[in-house]
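The values are calculated or read from the model by the stated rules, or taken from the named source; none is laboratory data. The structure displayed is predicted, hence computed values, not measured ones. These accessible areas exclude ligands, DNA and RNA; they are computed on the full protein's heavy atoms, side chains included. Shrake-Rupley method; radii C 1.70, N 1.55, O 1.52, S 1.80 Å.
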Amino acid sequence: MSSNTIPTDAADIVPSPERWATISQHVLNSYAEANSAMLAAMGLRSAGEATRTDPTVPEVTYGDADWTTERSTDSLEELSVGDAVRFTKSVEDADVAAFAQVSGDTNRLHLENDFAEDTRFGGSIVHGTLVAGAISAALARFPGLTVYLSQDLEFQGPVEIGSTITADCEIVEELGGDRYRLRTTVDSDGERVVDGEAVVLIEDAPE
């Protein structure tokens, strides 16, 4: 993260009313997504979704038409090495502005394109932790309730605002006690930008 100071002119970083309207819509979408995720955790799914024995990976969409999820199984009981979840979404200017507001990370590299054009990146890029957040989104879509225990990350490239990112999380080892080790990656428009490994607890969701 850059140690650049925050601009003294608040107008440089405060989104316009139109941008705030878009941000508000994203927040509402997040609430809707959480609702849908809970239904999925309770085992509710659309008719005709594939089972683990079906070679076709079912697609599940939560909350936003731009978000898509593919997962190898809908059964917590059958979860094992090789099972995976893939989550895809685009990262727009409103996402970056909302993340800056929520996290407090107002690095000018992400918020001021004129400033960012004079950096090695040649323009504004998405916060690295916002990109990595797609991993968390993917993990949340495993059947049951997923609890993060640890995450290692290696950032391999920048993500331009407006890009589409895809997080892949694959179970590589069962550790016992409902704990799993996973390979976690994020690609941006087909290029690897984040690589890492996570340990999570996946258990039955409360009724």
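Worth pointing out:
- For the stretch 80-147, the spread of Cα positions along the three principal axes, ordered from largest to smallest, is 48, 23, 15 Å.
- Both numbers refer to the Cα atoms of the stretch 127-179; Rg and Dmax are 12.9, 40 Å.
- Here the Karplus curve 6.51 cos²θ - 1.76 cosθ + 1.60, taken at θ = phi - 60°, turns the phi angles of the stretch 176-192 into couplings of x, x, 6, 9, 9, 9, 10, 7, 10, 9, 10, 10, 10, 6, x, 10, 5 Hz, with x standing for Gly and Pro.
- When the solvent-accessible area of the stretch 81-207 is split by element, carbon and sulfur atoms take up 44 percent of it, the probe being 1.4 Å.
- Normalised per residue, the volume of the convex hull around the Cα set of the stretch 51-207 (Å³): 125
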